[in-house]
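Nothing in this text is a laboratory measurement; each read-out follows from the coordinates by a stated rule. Computed from a predicted structure; not experimentally measured. Every residue, glycine among them, receives a Cβ derived from its backbone with ideal geometry; neighbour counts consider all protein chains shown.
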Amino acid sequence: MRFNENASLDSSQVQDQRGSGGFGKGGAVAIGGGGLGLVVMLVAMLFGINPADLGSVIQDQAPTSSYQQPAYPQSTDASQTTASCRTGADANARQDCRIVGVVNSVQEYWSNEFARRGQRYSPAPTRLFSGSTDTGCGSATSEVGPFYCPRDKVVYLDLSFFQELQQRFGAQGGPFAQAYVVAHEYGHHIQDLAGILDRLDERDTGPQGDAVRSELQADCLAGVWASNAVATGYISELTEQDIADGMNAASAVGDDRIQQKMQGRITPERWTHGSSQQRQRWFITGYNGKQFESCNTFSGQV
């Protein structure tokens, strides 16, 4: 994935709070309860809508995670914050600027698509953090993984997650794998604007439950953006290898794959995000379908 080097980036769409750390009121968010245990906590680390709504928010009942935050270089130099990301050339050179470029492209696409339908798109910022952060959905650590909080309409991301995605979950990585993660979270923002999140029962788990259908739709919407990414003007090229990297990332975070790795068996009734096959299939459905209507995961079997 390459960015148009002359594209002007809007760094105001990404709030860079890396290095600030710390918790405010509310303590750390942990996902547990409901009899789902460690598996759901680990699954909820990945691409969740809202960690506070995926299960009971507790501190003393959640299983202890062995997660250690990967080392990620932080800089106190103001020139190395996302405020210094100005062009597509910066996005090609720096990971944090790449996130700015992806956020700009994703929001450009959905803004234009909403306008085409005679609707107004409300932008959502992405907030980069390191270690822990306070959100409208409660306090969260890096263990929660990337997520969208509908209460404050912000996407939260610790860049160390991309290292975790490769080292712990075996994804191939690559720039577009990271773009897929960001586009997936903005898929939840689109669901929020469309009123879909309000109608969901996130406790409805399993391969055909609301929780899975919601996540698969976000995967599909990420595919829709990917299909239209070059047309936004920010991205100059997406290759077949880029799409393969995105598919690989989707597969790496399938419920079945995580369950097999973490507990040695697959329990479909506890799925909250969908199997590897489901996630890949719906991403490519959006990519081939090119529009929102391709992503009706709430009808029929998924």
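Most tightly packed first, judged by the mean number of other beta-carbon atoms within 10 Å of their residues, the peptides 144-151, 189-196, 281-288, 99-106 read 99-106, 144-151, 281-288, 189-196.
Converting phi to 3J(HN,Hα) with the Karplus coefficients 6.51, -1.76 and 1.60 and the offset θ = phi - 60°, segment 194-205 yields 7, x, 6, 4, 5, 9, 8, 10, 5, 7, 7, 9 Hz in sequence order, with x at every glycine or proline.
Give me R86, R270 sorted ascending by neighbouring Cβ count inside 10 Å, so fewest comes first. Intermediate values should be presented prior to the final figure.
On the way: R86 15, R270 19.
Sorted ascending by nearby Cβ count, the order is R86, R270.
Near the amide H of G131, under 5 Å away, which other amide H atoms are found, from residues 5 or more places off or on another chain, if H is placed in the peptide plane? Answer set, sorted by chain and number: S142.
Put simply, the amide H of W271, placed in the peptide plane, has neighbours under 5 Å in G206, leaving out anything fewer than 5 places away on its chain. Taking a cut-off of 19 Å, what percent of all Cα-Cα pairs in segment 215-302 are separated by more than that? More than 19 Å apart: 41 percent of the Cα pairs in segment 215-302. Using the Karplus relation 6.51 cos²θ - 1.76 cosθ + 1.60 with θ = phi - 60°, the per-residue 3J(HN,Hα) values for segment 159-170 come to 4, 5, 4, 5, 5, 4, 4, 7, 6, 9, 10, x Hz, with x marking Gly and Pro.
Per the Kirkwood treatment, what hydrodynamic radius in Å, one decimal, follows for segment 175-219 from the mean inverse distance over all distinct Cα pairs? It would help to have the intermediate numbers written out before the result.
Working: mean 1/r = 0.0913 Å⁻¹.
Result for segment 175-219, one decimal place: 11.0 Å.
Between T87 and L9, the built amide H atoms are under 5 Å apart, and every one of these is 5 or more places off in sequence or on another chain. Cα gyration tensor of segment 104-234, axes a ≥ b ≥ c as square roots of the eigenvalues: rounded (a/c below 1.5), prolate (a/b > b/c) or oblate? Verdict is rounded for segment 104-234.
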